[in-house]
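Data block below; observations after.
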Amino acid sequence: MKRLITAKQMKHLDALCTSEAGISGLLLMENAALEAVHAMEQQFGRLGGRQFIIVCGKGNNAGDGFAMARHLQNRGGRVEIVFLNDGEELPPDARTNYDIAQNMGIIVSGEFPAELETDAVIVDAIFGIGVHGEITDRTYRSAIEWINQSGAAVVAVDIPSGIDADRGSVCGCAVKADLTCTFAFCKPGLAVLPGAAYAGKVAVCHISTPDYVANMEPADTFLLEEDCLQLPPVAPDANKGSMGRVCIVAGSTGMTGAACLAAEAALRTGAGLIRVAAPRNLNAVLEVKLTEQMTVPLPADHQLDESCLDMVRRQCRQSDVLLLGPGLGRAPETERAVQQVVRETEIPIILDADGINAVSRNINILQEKQAPVIVTPHPGEFARLTGLPVAEIQQDRLRLARTFAVQYDVVLVLKGAKTIIAYPDGTVYVNPTGNPGMATGGSGDVLAGIIAALEARGVPNSAAVGTFLHGMAGDRAAVELGMAYMAPTDIIRHLSGCL
């Protein structure tokens with residue numbers, strides 16, 4: 001997993017490098033410039049002979065740009081600095097590199113070049129990680145617009161200017177980069193949308209921050225990587241009971257597919273025993289659609305109601321985890337039954353779809369629960385849980401997910417591109433896998449089934465692992481079929497190849 005560091009944490013780490021390790025800010029800036037230029041060599045090949053336009057603001061991000069200009073010229077590049085401010089406003093370390101660049105004869109002006117060569121590279125060193133809120137200054141907005149309209153390759157220094165480093169939101173306008181050279185650690189704004197879409201390829205450039213200094217700042221935010229898929233081996237004496245027993249309470253008239261998709265996903269993720277409990281009039285359909293799973297007819301027709309509670313309790317006593325919600329419907333009697341199940345169930349609950357909608361009517365039920373709960377909302381369902389507009393949620397997904405998980409003592413899987421997984425202790429994971437082809441009805445049911453199976457098998461961080469696995473299988477399905485033509489069943493079909 002890759003650690004993500006907020007702007008405040010990064011500034012604190014830079015200060016600790018100086019106070020605890022004696023590494024000066026000027027040396028950190030030099031290391032940043034060298035590593036960024038090296039990342040550019042990896043991206044573009046030989047740098048000699050190319051045209052480089054370094055666009056600099058007035059802070060230490062500009063200082064990184066001035067230092068990069070020097071190293072690019074030393075590699076044979078034809079370098080020009082477009083300086084958007086006056087040198088008197090620069091911090092001391094940035095001023096030092098500004099003076100060196102001038103001493104080396106590098107052109108420094110406040111004007112953009114009239115022409116760019118076909119292989120030109122623009123370096124964005126305007127703002128860095130410190131920008132928040134709307135960019136209103138016309139000089140900066142014009143510079144960002146010029147960069148985006150230039151047609152040249154663009155390299156962002158630390159983060160594309162105009163992207164909030166913590167939230168990933170666009171501060172009115174932002175640079176669209178092909179390569180982002182971020183320093184010491186990746187930033188949350190580069191991992192979540194929309195920031196990730198502006199970053200291009202992200203290269204984490206190490207600037208000699210000692211490990212013992214880095215460990216002084218608590219690590220609580222991570223980007224998932226494939227190493228999270230280290231699942232426990234199957235024991236030689238394993239049996240269907242020891243491989244995890246999943247109870248799925250799902251389905252209503254017209255929505256048996258949700259129950260079946262969740263059940264099939266749980267099976268392909270290794271659960272040993274799966275029971276699907278649904279209203280009795282649906283049982284004949286489920287018997288036909290499900291072969292390896294058991295079906296349990298509940299004593300109600302069409303949808304779950306309070307007459308089913310005793311049967312649900314009995315099934316939970318024979319299970320390791322309960323998946324509650326896919327396709328249940330929103331009838332008042334169903335919502336009352338769901339609320340009661342959440343209150344009293346003593347095994348972990350995966351609360352999905354209409355299960356979430358039922359709880360959103362009385363959110364305090366989550367604080368009355370007897371067992372761990374994993375909640376898996378899409379943004380619309382999360383809006384119902386929180387009372388916030390979807391647009392506001394999408395602008396600050398990471399912070400809002402963390403706040404909700406801590407407040408209600410649940411694991412929250414906030415679905416969507418770059419799904420956020422937040423834990424009650426404040427730890428948050430960002431998932432990089434998945435693609436737009438998964439934006440189809442039923443994909444969420446598959447995810448719920450995957451997480452339920454992993455939780456039943458005792459896999460640590462089952463929500464984070466399951467989300468990564470779900471997206472990875474979806475990515476493989478997209479390669480095979482194309483994003484426009486894949487279906488949730490294709491995600492299930494590719495699960496075994498990812499485990």
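Please treat every number below as a calculation from the coordinates, not as lab data. On a predicted model such as this, the values are computed, not experimentally measured, just so you know. Every residue, glycine among them, receives a Cβ derived from its backbone with ideal geometry; neighbour counts consider all protein chains shown.
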Quiz item: How many percent of the alpha carbon pairs in the range 83-242 exceed a separation of 23 Å?
Solution: 51
Self-check item: Per-residue ³J(HN,Hα) for the range 95-104, Karplus 6.51 cos²θ - 1.76 cosθ + 1.60, θ = phi - 60°, Hz, x for Gly and Pro
Solution: 5, 4, 6, 4, 5, 4, 4, 5, 4, 7
Self-check item: Cross-link pairs K11/K58; K187/K369; K11/K369; K8/K201 - those with Cα-Cα distance over 28 Å
Solution: K187/K369; K11/K369
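Ignoring everything except DSSP H segments at least 4 long, calculate the 222 nm mean residue ellipticity for the chain; use -39,500 (n - 2.57) per segment, divide by total residues, nearest 500.
Using -39500 (n - 2.57) per qualifying helix, the result is -12000 deg cm²/dmol.
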Self-check item: Summed side-chain charge close to A456 - residues other than A456 whose Cβ falls under 13 Å, Lys, Arg +1, Asp, Glu -1
Solution: +2
Practice problem: Please pull out the direction-averaged projected area of the range 30-127, using the convex hull of its alpha-carbon atoms, in nm² to one decimal place. | Solution: 5.6
Exercise. Using the Karplus curve 6.51 cos²θ - 1.76 cosθ + 1.60 with θ = phi - 60°, work out ³J(HN,Hα) for each residue of the range 249-257 in order, rounded to whole Hz, and write x for Gly and Pro.
Key: 9, 7, x, 7, 4, x, 9, 6, x
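How would the range 298-420 be classified by its alpha-carbon gyration tensor: rounded, prolate or oblate, with rounded meaning a/c under 1.5 and the a/b versus b/c comparison settling the rest? Walk me through the numbers on the way to the answer.
Values: a/c = 2.21, a/b = 1.69, b/c = 1.31.
Taking the square roots of the gyration eigenvalues as a ≥ b ≥ c, the range 298-420 is prolate.
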Self-check item: Net charge of Cβ neighbours under 14 Å - reference G128; Lys, Arg +1; Asp, Glu -1
Solution: -3
Practice problem: Express as a percent, rounded to the nearest 5, the fraction of DSSP beta bridges in the chain (both residues included) that run antiparallel. | Solution: 15
Quiz item: With labels modelled as points extended 7 Å from the Cα through the Cβ direction, what inter-label distance (nm, one decimal) is found for R330 paired with S242?
Solution: 4.6
Quiz item: Which far-off residues, 5 or more places away or on another chain, put their amide H under 5 Å from the one on I350, with H placed in the peptide plane?
Solution: L322, L323, L324, I374
Quiz item: Karplus couplings for the range 140-146 from phi (6.51 cos²θ - 1.76 cosθ + 1.60, θ = phi - 60°), rounded to Hz, Gly and Pro as x?
Solution: 5, 4, 5, 5, 5, 4, 4
Self-check item: Amide H within-cut-off set for I135, under 5 Å, with H built and near neighbours excluded
Solution: G172, C173
Self-check item: Calculated Rg and Dmax of the chain using C-alpha coordinates, Å
Solution: 26.3, 85
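Give me the extension gain from D99 to H132: residue separation times 0.36 nm, minus the current Cα-Cα distance, reported in nm with one decimal. Don't jump to the answer; show the numbers that get you there.
Values: separation 33, 0.36 × 33 = 11.88 nm, distance 2.88 nm.
Separation in residues times 0.36 nm, less the Cα-Cα distance, equals 9.0 nm.
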Quiz item: Under 5 Å between amide H atoms, partner at least 5 residues away or on a different chain: which partners does V276 have, H built in plane at 1.01 Å?
Solution: I248, M294, T295, V296
Self-check item: Scaled radius of gyration (Cα, divided by 2.2 N^0.38 Å) that the range 383-495 gives
Solution: 1.07
